[in-house]
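Peer 1: Here it is, the structure in full.
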Amino acid sequence: MKKYFICGALALMSLASCSDSFLEVYPTVNISEDEYYNSEERIYSALVAAYDPLQWPDWGLGQYNPLNLVADVMSDDIYAGGSTEQDNEHWHRMHKFTATPEIVCSSLWSVFYSGINRANIVMAKMDGIPGISQENKERYLAEAHFLRAYYYTWLWKLWGNIPYYTVNPSTSPYLVEQISADEVYPKIIEDLDYALGENRLPESVDITMKGRVTKAVAQMLKAEVVMYQNDESRYAEVLSDMRSIISSQLYSLHDDFAGMWEDAGEWCEESIWEINYHDLNAQRSWGNPIAAGGTVLPTLIGINECKDEKFAGGWGFGTVNPDLYNSYDDDDQRKDGGILNFAKYQETHPNASYTPRYEDTGYFLLKYLPRQGGNSQCTGDKDLNYRNNLRVYRYAETLLNAAELILRTGGDTAEAQNYLDQVRARAYRTTVENLGAHKVVANIDNVLEERHLELYGEGKRFWDLVRSGKANEVLGSRGYKDNKKYLPIPSSEIDKSAGTLTQNPY
């Protein structure tokens, strides 16, 4: 099966064919935009191009910013780590809430607007495509609307008050109106409602298309956005969406929590959406960071100078707070199924060793740690090309979303209890009926804590603290205050805007 890819958001397009899985891209020739869009095959290539920036945040435009770490380094679970406070300095500053317009995760601004530009191209060119079926037209447009919503969601959560546009600016300088976070929110919802309307998105996709957006993916993003905004007027809508996912029986909890993060656990029955990475002929390199291939995330969090038969070495970023590890019961499989306690590991692997780095805790994010051979088939730089997919949405989160929304809308507490119990039953390798002493009452605080225990290292915790009003209490000792909700807008963007962008009061 052939796929196509376009390089460049506004000007020259680069056509590429690729092998056998969605989002594998290999640019080969240049064709002007006006000449390019004359068939369904080529508008599909534009759609694939709109997906491509999903892979870029970890190291796409000059900074290391895997989305799970960028978010969690601002939480209470993850330290910045590395070699010194100057190593990936923006993470250290974000951890301490001392980021500046010059030292912040600025590459993400460019990554997400690149994605928005590409999604806008799909929407702008669709009506001129001859011969495309109405079904495919509707699906491609739904995917483009979802992608635009996804990219804007990250900009909205990180910076709040952002330039917003749905038609790409055509003349330089590319200046568009900056709107407030509260104005961005309904626009994201509008895109998601379009994507979810008229059965435009499929319930599922076949294995070769895993990574393309399905109905459940869009429902999960909408629930995330609505819950982050604390928009009570839409709780019933997104609760209905969560129940729809549950009743579809397309997803279920994976019994083995640790195994879910291995190669064999990718796209398991629990996975709703993953961002694909691969090492087979992966070409990502220091000179070509947005080439198709693997991810640098495992290298970033890998154990410095690790000598072990299972785990490969890395750079020692993103060390885990011991308080998180110690918050689990010993018989909760998530304790050692997602966090590596190196001292405990050495008890059964006495030859394993490593060299501590800055902010070393002895605890590492097992979910994404580099495994030996995890980049063995790449042709680019091995540090950049691990094949670990980034898990974005899991069925466990669907259950916890549903439980929380039921409680927030005064619904059936027995239903909420059942959803919470299912997550905990998997954690303790038992059944809902046999939870016994491991059962906790379904209330808002307990559901939020269960999210903490279940989703650590997946980029959820900081946003949960903010939306629940707990950020000042939990993060205040590190410097968090209400004005730290939104990061400083990168100074480079302020400069390029000729003074039209207003800086956040960070």
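Peer 1: Can you tell me how many residues in region 429-466 are in contact (Cβ under 8 Å) with a residue 40 or more places away in the chain and over 22 Å from Asn321 (Cα atoms)?
Peer 2: 3
Peer 1: Name the helices (runs of 4 or more DSSP H) wholly within region 282-379 that hold at least 1 residues that are over 19 Å from the mean Cα position of the chain (by Cα), over 24 Å from Gly62 (Cβ atoms) and free of Cβ contacts under 8 Å to residues at least 12 places away in the same chain?
Peer 2: 322-326, 333-338, 342-348
Peer 1: If you check Met242, Met227, which single one turns out to be within 20 Å of the chain's Cα centre (by Cα), surrounded by fewer than 23 Cβ atoms within 10 Å (Cβ to Cβ), assigned to a helix (DSSP H, G or I) and among the hydrophobic types (A, V, I, L, M, F, W, C)?
Peer 2: The match here is Met227.
Peer 1: While we're here: Within region 21-32, can one find any residue that is crowded, with 22+ Cβ neighbours inside 10 Å, at pLDDT 85 or above and in a loop (DSSP other than H, G, I, E, B)?
Peer 2: no
Peer 1: If you don't mind, there's one more thing I want to ask. So which of Tyr194, Tyr152, Tyr185 is in contact with a strand residue (DSSP E or B) (Cβ under 8 Å, 6 or more places away or on another chain), part of a helix (DSSP H, G or I) and either touching a residue at least 12 places away in the same chain (Cβ under 8 Å) or polar (S, T, N, Q) (or both)?
Peer 2: Tyr152
Peer 1: Okay, next question. So Lys307 ticks every box in (1) surrounded by fewer than 21 Cβ atoms within 10 Å (Cβ to Cβ); (2) modelled with pLDDT under 95 but one. Which box is left unticked?
Peer 2: (2)
Peer 1: With respect to Lys382, is the statement that it is within 25 Å of Leu280 (Cβ to Cβ), without any contact (Cβ under 8 Å) to a residue 40 or more places away in the chain, touching a helix residue (DSSP H, G or I) at 6+ places or on another chain (Cβ under 9 Å) and not hydrophobic (A, V, I, L, M, F, W, C) true?
Peer 2: yes
The rows are residues; the columns are (1) within 23 Å of Leu67 (Cβ to Cβ); (2) of a type in the set (Asp, Glu); (3) out of contact with any strand residue (DSSP E or B) (no Cβ under 7 Å at 6 or more places or on another chain).
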site	(1), (2), (3)
His278	yes, no, yes
Ala291	yes, no, no
Gly302	yes, no, no
Lys307	no, no, no
Ser327	no, no, yes
Asp332	no, yes, yes
Lys335	no, no, yes
Ile339	yes, no, no
Lys344	no, no, yes
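Peer 1: Quick check on region 74-87: of everything there that is more than 12 Å from Arg357 (Cβ to Cβ) and of a type in the set (S, T, N, Q), which residue is surrounded by the fewest Cβ atoms within 10 Å (Cβ to Cβ)?
Peer 2: Gln86
Peer 1: For region 455-487, name all the residues that are surrounded by fewer than 15 Cβ atoms within 10 Å (Cβ to Cβ) and part of a helix (DSSP H, G or I).
Peer 2: Result: Asn472, Glu473, Gly476, Ser477, Arg478, Asp482, Asn483.
Peer 1: Which residues, counting only those in region 78-130, are among the small types (Gly, Ala, Ser) and either touching a helix residue (DSSP H, G or I) at 6+ places or on another chain (Cβ under 6 Å) or in a helix (DSSP H, G or I) (or both)?
Peer 2: Hits for region 78-130 are Ala80, Ala99, Ser106, Ser107, Ser110, Ser114, Gly115, Ala119, Ala124, Gly128.
Peer 1: Show the residue pairs that are 6+ apart or on different chains and have beta-carbon atoms under 8 Å apart, the first residue being within region 488-506 and surrounded by fewer than 15 Cβ atoms within 10 Å (Cβ to Cβ), the second being part of a loop (DSSP other than H, G, I, E, B).
Peer 2: Lys496/Pro173; Ala498/Pro173; Ala498/Leu175; Thr500/Leu175; Thr502/Asn161; Gln503/Pro101; Gln503/Pro488; Gln503/Ile489
Peer 1: Could you say which residue among Lys137, Lys125, Lys157, Lys215 is of a type in the set (Lys, Arg) and in contact with an Asp or Glu (Cβ under 8 Å, 6 or more places away or on another chain)?
Peer 2: Lys215
Peer 1: Right, another one. Given the conditions (1) assigned to a helix (DSSP H, G or I); (2) charged (D, E, K, R); (3) under 30 Å from Gln249 (Cβ atoms), and given that Glu203 satisfies all but one, which numbered condition is not satisfied?
Peer 2: (1)
Peer 1: Can you pull out every residue in region 387-431 that is polar (S, T, N, Q), over 22 Å from Gly337 (Cα atoms) and surrounded by fewer than 19 Cβ atoms within 10 Å (Cβ to Cβ)?
Peer 2: Result: Thr409, Thr413, Asn418.
Peer 1: Return yes when Val320 is closer than 21 Å to Leu399 by Cβ and among the β-branched types (Val, Ile, Thr) and no when it is not.
Peer 2: In short, no.
Peer 1: Here's another thing I want to ask about it. Within region 348-386, track down each residue that is exposed (fewer than 15 other Cβ atoms within 10 Å of the Cβ) and small (Gly, Ala, Ser).
Peer 2: Ser353, Gly373, Ser376
Peer 1: Here's something else I'd like to know. So in region 255-275, with the set limited to residues that are part of a helix (DSSP H, G or I) and of a type in the set (A, V, I, L, M), which one is farthest from the chain's Cα centre (by Cα)?
Peer 2: Ala264
Peer 1: Going through Ala291, Ala218, Ala282 one at a time, which residue ends up being crowded, with 17+ Cβ neighbours inside 10 Å and in contact with a Cys (Cβ under 7 Å, 6 or more places away or on another chain)?
Peer 2: Exactly one residue qualifies, and that residue is Ala282.
The values are calculated or read from the model by the stated rules, or taken from the named source; none is laboratory data. It should be emphasised that the depicted structure is a prediction, and the values quoted were computed from it without experimental measurement. In this analysis, Cβ positions are derived from the backbone assuming ideal geometry, glycine residues included, and neighbour counts consider all displayed protein chains.
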